[in-house]
Structures are given as C-alpha cells and as structure tokens.
Amino acid sequence: MAETGQILNLRRYRQLRNAVVVWLTLVVLGAFLLRIPRIHILEHTARNLYFHVPMWFTLMAAALVSAYHSLRYLQSGDPIRDLRAREAARVGIFFGLLGLATGIVWARFTWYLGTSLWWNFDPKQSFVVIQLLIYGAYFVLRSAVEDPEKRGRVAAVYNLFAVVTMPFLLYVLPRQMESLHPGAEGSPAFSDITHPIMRLVFYPAVIGFIGLFWVLYTQRVRLALLEQRVEMLQATMLEAKS
Amino acid sequence: MNLQVLSDTTEAGLATPYDTIWATAAVPTKPPQGIERVMLAEDKLYVVLAVVLIIWFGVIFFMFRTDRKLDRLERALQERIPEANADLRP
C-alpha cells in the first residue's frame with residue numbers, strides 16, 4: 001500500500017483547508033451583515049438561502065465526485081477509486097441530511113406558520129428523503145458483500161444508478177407537482193424571488209460549502225487509506241507468526 | 001391538513017416579489033404561540049440562527065466521528081502491532 005502522500009497532495013490540502021475556513025467565515029459575515037430587500041412572509045429567513053441551498057449543491061457535487069470514482073473503479077479496478085467513491089458518498093449524505101434538517105426548520109416558520117406542523121409530506125421534501133434513502137442503501141449494499149473486489153464492482157454499479165435518479169427526484173418530479181417549495185408548480189423559482197444583491201453572498205456560499213465538502217472528504221480518504229495500511233500490517237504480522 | 005393562507009396586507013399588493021420597505025408588517029392574523037413567539041421575533045432572524053447552528057453542530061458531529069475512527073486506528077497500531085511503532089516510543 002502506498003503512502004498517503006503519494007496519493008494525495010497534502011500541501012495543497014492544507015492550503016485549501018485554510019482558504020475554505022477563511023472563505024466560509026466571510027460568507028457567514030456577509031450572510032448576516034449584508035442588507036437585503038424585504039420579502040413577504042420570508043422576512044430575514046431569506047438569508048437561509050445562503051445556508052440551506054448550498055447544502056443541496058454540495059450533495060450534488062459530492063454525488064458527482066462519487067459517481068466519477070465509481071466509473072473509474074469499473075474501468076481500472078483500482079481499490080483507491082472504490083474508497084474515494086465511498087467516502088464522497090458518505091460526506092455527501094451528511095450534507096443532504098443537513099439540507100433536509102435546515103429545510104424542515106425553514107418550512108416550519110414560513111410554510112407552516114401558525115399550524116405547528118413540522119412535516120407535511122411536501123413533494124420536494126419527500127423525494128429528497130427517498131434520494132437519501134437510495135444513498136443509504138449504497139452503504140447497506142456495501143456491508144452485505146464480503147469480497148472486496150466484488151463489493152467494489154457491485155457498489156460502483158449501484159452508485160451509478162443512484163446518481164442517475166438524483167436529477168429526477170431532486171428536480172424534475174417535485175417541479176411537476178404542487179409544492180410549497182420555490183421552483184415548483186405554482187411557486188416562483190430562484191431567479192424570480194432572489195434579488196441580485198443576494199447572489200453576492202449566495203454564489204460564494206455555494207463555493208465555500210463545496211470547499212468544506214472537499215476538506216471533509218479528503219480527511220476521510222486519508223483516514224481510510226490509513227485504515228487499509230493498518231489492516232495490511234496486521235495481515236502480514238499474522239502471516240509472519242504462523 | 002388545513003394550511004392557513006397568509007393574505008397580503010399591503011395596499012400595493014404583491015406586484016413584485018419583494019417590497020422595498022423594511023418594516024414589521026402585521027402579516028399573521030393571530031398572535032404567535034409557543035415556539036413561534038421566539039422564532040418570529042426580530043423579523044424571523046432567529047430562524048436563520050437555528051439553521052446556522054444546525055450546520056455548525058452537524059460539522060462538529062462529523063468531526064467527532066472522524067476523531068473516534070482515528071482513536072480506534074491509533075489503539076489498533078499501539079496494541080496489536082507494538083513492533084510497528086516501537087521506534088516511536090521515547
């Protein structure tokens with residue numbers, strides 16, 4: 001097994017990590033300090049645009065990274081690809097859960113005002129839960145196959161299926177149904193309700209959170225590489241003993 | 001489920017999605033109860049705070065999980081393979 005430094009550029013990782021920390025700090029400052037036009041019902045919660053929406057962009061970026069490595073795994077059979085696909089999916093699900101949780105809170109105090117409802121099976125939310133369950137099944141599938149090579153192949157094929165369902169479950173289907181979520185049937189889309197000044201913070205926020213994904217993902221890849229080396233060491237020690 | 005429709009109270013109506021005046025409008029018809037009384041104060045700014053805190057604690061939770069995995073690896077290296085890092089000890 002190769003050293004971590006041969007697979008990852010650790011110097012670049014540290015530089016990007018520091019940049020992401022500074023960048024996201026500025027995003028949070030901008031999110032709270034920048035004056036925005038008043039939006040009916042939304043009031044200040046319009047600022048959630050800077051936090052809730054980038055979570056989904058990050059999930060999609062993570063899913064694409066994961067699918068890319070799954071594809072490369074099928075081409076090359078390199079175990080590093082399998083490991084990268086797994087960790088990208090793991091961090092991606094984490095961002096998806098954060099997106100869902102922030103969405104529930106946001107909806108509670110805008111859509112469901114005065115009803116004490118937290119969840120009402122809005123199509124957008126329901127489909128998002130299905131998408132996260134599809135990614136959850138990816139890990140169930142992994143744990144069910146013992147042989148690493150077979151597991152890698154089966155998981156890679158499933159992962160490619162999972163990424164294909166994403167645009168439909170996250171975009172196409174909820175937009176055809178009656179949903180309170182912006183962009184759905186009967187609700188204004190992003191470009192209609194977002195004042196240009198909010199894009200000043202929104203786009204940097206998307207970049208910042210995808211950067212945060214990249215930092216967490218790289219940490220997990222380093223961890224998984226280390227795990228593999230420990231396992232290999234243990235195996236060789238056992239062999240030497242017998 | 002009966003969802004209450006919030007009617008527009010401004011004279012101009014909703015000609016544009018956003019108004020230009022930033023003033024507390026009397027949108028809800030009845031005074032907020034319970035948790036809404038807290039969250040709707042300051043033009044709903046505390047909802048944003050809640051969302052930021054969810055993300056913050058989420059990242060911390062993830063960090064702790066990574067930490068736990070690191071601990072396990074360190075223990076595995078120390079206990080099961082003492083020869084592997086014998087030269088690291090003082």
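Only the coordinates and a few stated rules stand behind these numbers; no lab work does. Predicted model, so just to flag it, every value in this text is computed and none were measured. We place every Cβ from the backbone using ideal geometry, glycine too, and count neighbours over all the protein chains shown.
For this structure, a couple of remarks:
- Relative contact order of region A:4-234, pairs being alpha-carbon contacts under 8 Å that are 6 or more residues apart, as %: 31
- For chain A, a Gaussian network of Cα nodes joined below 10 Å ranks A:SER66, A:SER191, A:SER179 by mean-square fluctuation, and the top entry is A:SER191.
- Sorting B:LYS44, B:LYS69 by the number of Cβ atoms found within 10 Å of their own Cβ, with the fewest placed first, yields B:LYS69, B:LYS44.
- Per residue, chain A reaches -26000 deg cm²/dmol at 222 nm when only DSSP H runs of four or more residues are counted, each adding -39500 (n - 2.57).
- In order along region A:120-135, the phi-based Karplus estimate (6.51 cos²θ - 1.76 cosθ + 1.60, θ = phi - 60°) of 3J(HN,Hα) comes to 9, 6, 5, x, 4, 5, 4, 5, 5, 5, 4, 4, 5, 5, 4, 6 Hz; Gly and Pro are listed as x.
- Ranked by how many other Cβ atoms sit within 10 Å of their own Cβ, fewest first, the residues A:THR58, A:THR194 fall in the order A:THR194, A:THR58.
- Altogether, the Stokes-Einstein calculation at 20 °C and 1.002 mPa s, with the Kirkwood radius of the protein assembly as shown over Cα pairs as Rh, returns a diffusion coefficient of 96 µm²/s.
- Excluding same-chain neighbours fewer than eight residues apart, the lysines reachable from A:LYS150 by a Cα-Cα span under 28 Å are B:LYS69.
- Per residue of peptide A:221-234, the mean number of Cβ atoms on other chains within 10 Å of the residue Cβ is 3.
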